[in-house]
Amino acid sequence: MTDKIINWTKSDDAKVEDAIRRGASRRDLLKLMLASGVAVTAGSAIFGRASSAVAGTPVSGGHFKAAGLSSSNADTLDPAKASNGTDYVRCCSLYNRLTVIDGSGVPQMELAEKLESKDAKTWTATLRKGVTYHDGKALTSDDVVFALNRHLDPSVGSKVAKIAAQFAEIKAVDPSTVEIVLEAANADLPFILALQHFMIVQDGTTDFSKGIGTGPFTLETFEPGVRSIMKKNQNYWKPGLPHIDSFEFFAIGDDNARVNALLAGDIHLAAAINPRSTKLVESQSGFELSKSTNGNYTNLNIRLDMNKPEFVTGMKYLINRDQIISSALRGDGEIGNDQPISPANVYHNADLKPKEFDPDKAKHYFEKAGVLGQSIPVITSDAAGNAVDMAMIVQAAGADIGLNLDVQRVPSDGYWSKYWLKAPIHFGNIDPRPTPDIFFSLLYASNAPWNESQYKSPKFDKMLLEARGMLDQTKRHEIYNEMQTMISDDAGTIIPAYITNADALSTKVKGLLTNPVAGMMGYSMAEHIWLES
Amino acid sequence: MNSEIGRLILKRLGIAIITLVIVSFAVFFTTNMLPGDTATILLGQAATPEAVAGLREAMHLNDPAITRFFHWAFGFVTGDLGKSYANNMEISTLIGNRFLNTLELAAITTVIAVPFALTLGITSAVARGSLYDRIVTVLTIGVISVPEFVIASTAVLIFAVYLRWLPAISFVNEIHSVSDMLRMYAMPVVTLTFVVSAQIIRMTRAAVIETLDTPYVEMALLKGASRSRMVLRHALPNALGPIVNALALSLSYLIGGVIIIETIFNYPGIAKLMVDAVATRDLPLIQTCAVIFCAGYLILITIADIIAIISNPRLRK
């Protein structure tokens, strides 16, 4: 047996490492290597090398310091109001939810032991026994009823009030059983309950600044806009977790300052670093990147009710997706095919290919639409990440074939209420959602509140309803595949790429896996990582 | 002389109160004119009409603007700063620590920057036209011209990232010893010292040179006064007026205007708090910060005027 490997590069290491992080078994890896022509005998050497980054025996102890990217006086520990990564990280450390999305995008049980339904309309959740809050009280079904029902109260200001509106009735059957009746069948409930907003809090809580939950950490200090410090929950119900003794989280808004703080050794992890800094981090020893594509995207919206259909089609051919990834995103992106379900989602339609960059074809459509020679306003803003760079790329491509795109850059403040959804051609930015149903209901159904291109199709609406209550997965996949094709071909939302998130971390941090929900291991890194001394 | 100063302080106090009322009124109504309110901003993209209406109701945002203003003003006068719209915490809790941090940074910078700047300003005025004077002038103009974020970022790159002598960000909550304090404050204080001293040096130099040219200084010279006596006893007291005013302006900047330093060093001060408050349209918080900045400015300017009067024999009568 030989350990000598030829044609093996650093990027192959990264590929294998990524596969291991995503949960690939030894057998999967051997397949991957056979496919790339590496002799099987060398397999063990590669596996050993790449997995040293992710495997190893957890060590307990240590103070973990991580910096997110935004924090203000609006920071909150109320899961219903949580609105950004900083809030989510804190909520994931203090509380638990009924279900949680695992590394491969599948919901697993957390506070619920079982979540069952025969018709996808009436669900029964059986709660885990022996779970206690930080103050010693036991978890009961009343807490779950309270925690879910409060999203329906408008004075709470819940971010997910729209999603919670489908809860018709939530009642405690006995201290460890909750019955959730939905307005209509929805097979996605296990995904929905895994949203950070549906964390379980104690019945009757009004003051959330104490952060009392059942989660891996207890709150020590919380200063909105400054920082939070948490201590390990000694009575945590998950055996052996968390590994670290304490967890400090704050935000460094300035991109460069965040990277500098990491490189200077002041923090262990800098979340979501700017693509401009990735090279710098990679070139320093002792630091690495954890990349995950979670389905966040910036898209160009062309309202179908204000533009000719030929123009919309032409624009889809005028988008140079590869250039957008390589220049606007500096390589940190996966190519998109004009529909919102990214490869991070189990329902992604991999057979649907992105449209080629084809200026001649685009010109043909523009001639048909009669738009050449006119000045066409395109609204862009820094409010939607990378939208300004993307607009420049499309404008240049248009100029080459005589299409005059008048790119107007407007301020971030007020962009979402003034321009987004309203301007005839504008950019949007959509955060990942857990299920196709939520994406489609929110963005593409005829009555969708954020129908960015005013796409309306009775057939699509019918399919959406049909798939929603369907427990048969094969059938469901088929319907969702077709719906993705319909959006890609007919809607006016051009989604050139799904943006890759890169967290930069010290190599002392071990056990950080990727999660399709978001960076920082789906916001719950503190529960799982350990620090090498 | 004492009655003169007493009258001045009383007059200043009256003006200060009127100014504070006008400023808080103006800040309140200009903030009200910004698009959106706390409810729409907190809900962000999730702002459906029903959700916004519900949250507005809960936050009492539906009361007329004037009612909310008087509610805040009455509370402020009686010592109750109210609660933040954005997170429902007491404003005094939110501001308390951060205001202390700001004062701490301002105080340390003042202690270092003022003697440093005065010494350089006075000595370069005395040695007017010499090589030393020219070097000081070129350096101060250089520092005025380079924006502070360039100085700060370069310092971070050199001292934190490459040399690793100092932390890249200021963990002011983790100061346990004098050496911690020196390490944490080194870069922010040095950067701020550069920014504020440059102005003071220029102003001091100009004012001292002007008085050195006056007939009474020439008289002192003819009487045979020593060089130091001539400068410190005869020239400086008469130049002090403009110098303390320049000092007051620079120091008031340290209270409200150090947003760039706070951002780069992630220093939890009050300037960033006010910027966040404006972004979330958190009126009670904006108001309180505005009053603090305004009061700080007025206090410093009044002190500067009093010093100018006491030091200047002619103003003293």
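Points worth noting:
- Among residues of the stretch B:86-103, those that are facing chain A (nearest Cβ under 9 Å) and closer than 15 Å to B:T38 by Cβ, counted: 5
- Output for the stretch A:412-455, where each listed residue is surrounded by fewer than 17 Cβ atoms within 10 Å (Cβ to Cβ), among the hydroxyl-bearing types (S, T, Y) and more than 27 Å from B:V278 (Cβ to Cβ): A:S446
- The condition of being over 23 Å from the mean Cα position of the chain (by Cα), crowded, with 21+ Cβ neighbours inside 10 Å and either assigned to a loop (DSSP other than H, G, I, E, B) or away from every other protein chain (no Cβ under 14 Å) (or both) holds for only one of A:A80, A:A74, A:A125, that being A:A125.
- Listing of helices (runs of 4 or more DSSP H) fully contained in the stretch B:1-72 that carry 1 or more residues being away from chain A (no Cβ under 12 Å) and touching an Asp or Glu at 6+ places or on another chain (Cβ under 8 Å): B:2-33
- Considering the stretch B:249-317, the qualifying helices (runs of 4 or more DSSP H), each wholly inside and each with 3 or more residues that are away from chain A (no Cβ under 14 Å), out of contact with any Leu (no Cβ under 9 Å at 6 or more places or on another chain) and under 25 Å from B:A198 (Cβ atoms), run over B:283-311.
- Any hit, the stretch A:470-485, residues being more than 16 Å from A:H348 (Cα to Cα) and in contact (Cβ under 8 Å) with a residue 12 or more places away in the chain: yes
- Only one entry in A:G469, A:G398, A:G402, A:G428 is within 14 Å of chain B (Cβ to nearest Cβ) and either within 21 Å of A:I324 (Cα to Cα) or modelled with pLDDT under 95 (or both), namely A:G428.
- Odd one out for A:D153 among (1) within 14 Å of another protein chain (Cβ to nearest Cβ); (2) under 22 Å from A:W237 (Cα atoms): (2)
- Of all residues in the stretch B:122-149, those being more than 21 Å from B:V190 (Cβ to Cβ) and of a type in the set (S, T, N, Q) number 1.
- Hits in the stretch A:268-287 (condition: within 19 Å of the chain's Cα centre (by Cα) and either polar (S, T, N, Q) or within 13 Å of chain B (Cβ to nearest Cβ) (or both)): A:A270, A:N274
- Subset of the stretch A:402-432 [charged (D, E, K, R) and without any contact (Cβ under 8 Å) to a residue 60 or more places away in the chain]: A:D406, A:R409, A:D413, A:K418, A:K422
- Candidates A:V517, A:V509 - the one that is of a type outside the set (S, T, Y), over 14 Å from the mean Cα position of the chain (by Cα) and closer than 30 Å to A:N233 by Cα: A:V509
- A residue that is charged (D, E, K, R) and touching a strand residue (DSSP E or B) at 6+ places or on another chain (Cβ under 7 Å) occurs somewhere in the stretch A:195-214.
- Highlighted here are the helices (runs of 4 or more DSSP H) found entirely within the stretch A:456-533 that include at least 2 residues which are surrounded by fewer than 17 Cβ atoms within 10 Å (Cβ to Cβ) and not β-branched (V, I, T): A:458-468, A:473-490.
- Residue within the stretch A:152-163 that is closer than 14 Å to A:M199 by Cβ and either small (G, A, S) or more than 24 Å from the chain's Cα centre (by Cα) (or both) present: yes
- Filtered by the rule that a residue be away from chain B (no Cβ under 11 Å) and touching a Phe, Trp or Tyr at 6+ places or on another chain (Cβ under 9 Å), the stretch A:228-245 gives A:S228, A:M230, A:K231, A:K232, A:N233, A:Y236, A:P242, A:H243, A:I244, A:D245.
- Residue list for the stretch A:129-159, filter: part of a loop (DSSP other than H, G, I, E, B) and either surrounded by fewer than 19 Cβ atoms within 10 Å (Cβ to Cβ) or of a type in the set (A, V, I, L, M) (or both): A:K129, A:G130, A:V131, A:D135, A:G136, A:K137, A:L139, A:T140, A:D153
- Within the stretch A:180-227, the set of residues being within 14 Å of another protein chain (Cβ to nearest Cβ), over 19 Å from A:V100 (Cα atoms) and in a loop (DSSP other than H, G, I, E, B) comprises A:T205, A:T206, A:D207, A:G211, A:P224, A:G225, A:V226.
- Pairing each residue of the stretch A:434-450 that is within 12 Å of another protein chain (Cβ to nearest Cβ) with any residue that is in a loop (DSSP other than H, G, I, E, B) and among the polar types (S, T, N, Q), provided the two are 6+ apart or on different chains, yields C-beta distances under 7 Å for A:L443/A:N451; A:P449/B:T48.
- When residues of the stretch B:117-162 are limited to those that are in contact with a helix residue (DSSP H, G or I) (Cβ under 7 Å, 6 or more places away or on another chain) and charged (D, E, K, R), the one surrounded by the fewest Cβ atoms within 10 Å (Cβ to Cβ): B:R128
- Matching residues, the stretch A:334-362, being crowded, with 20+ Cβ neighbours inside 10 Å and of a type in the set (A, V, I, L, M, F, W, C): A:I341, A:A344, A:A362
- Some residue of the stretch B:180-203 being in contact with a Leu (Cβ under 7 Å, 6 or more places away or on another chain) and more than 18 Å from B:T102 (Cα to Cα): yes
- Which numbered condition A:A399 misses (of (1) surrounded by fewer than 20 Cβ atoms within 10 Å (Cβ to Cβ); (2) in contact (Cβ under 8 Å) with a residue 24 or more places away in the chain; (3) not aromatic (F, W, Y)): (2)
- Within the stretch A:101-117, residues that are among the basic types (K, R) sit with their Cβ atoms under 8 Å from residues that are surrounded by 17 or more Cβ atoms within 10 Å (Cβ to Cβ), at 6+ positions apart or across chains, in these pairs: A:K114/A:A125; A:K114/A:T126.
- Count of residues meeting criterion [within 14 Å of another protein chain (Cβ to nearest Cβ) and not in a loop (DSSP other than H, G, I, E, B)] in the stretch B:73-85: 1
Here's the yes/no breakdown for (1) over 30 Å from A:H63 (Cβ atoms); (2) within 14 Å of chain B (Cβ to nearest Cβ); (3) not in a loop (DSSP other than H, G, I, E, B):
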site	(1), (2), (3)
A:F250	no, yes, yes
A:G253	no, yes, no
A:N260	no, yes, yes
A:D266	no, yes, no
A:L289	no, no, yes
A:G295	yes, no, yes
A:E334	yes, no, yes
A:I341	yes, no, no
A:A350	yes, no, no
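The values are calculated or read from the model by the stated rules, or taken from the named source; none is laboratory data. Being a predicted model, the structure only gives us computed values, none of them experimental. Virtual Cβ from ideal backbone geometry, glycine too; neighbours counted across all protein chains shown.
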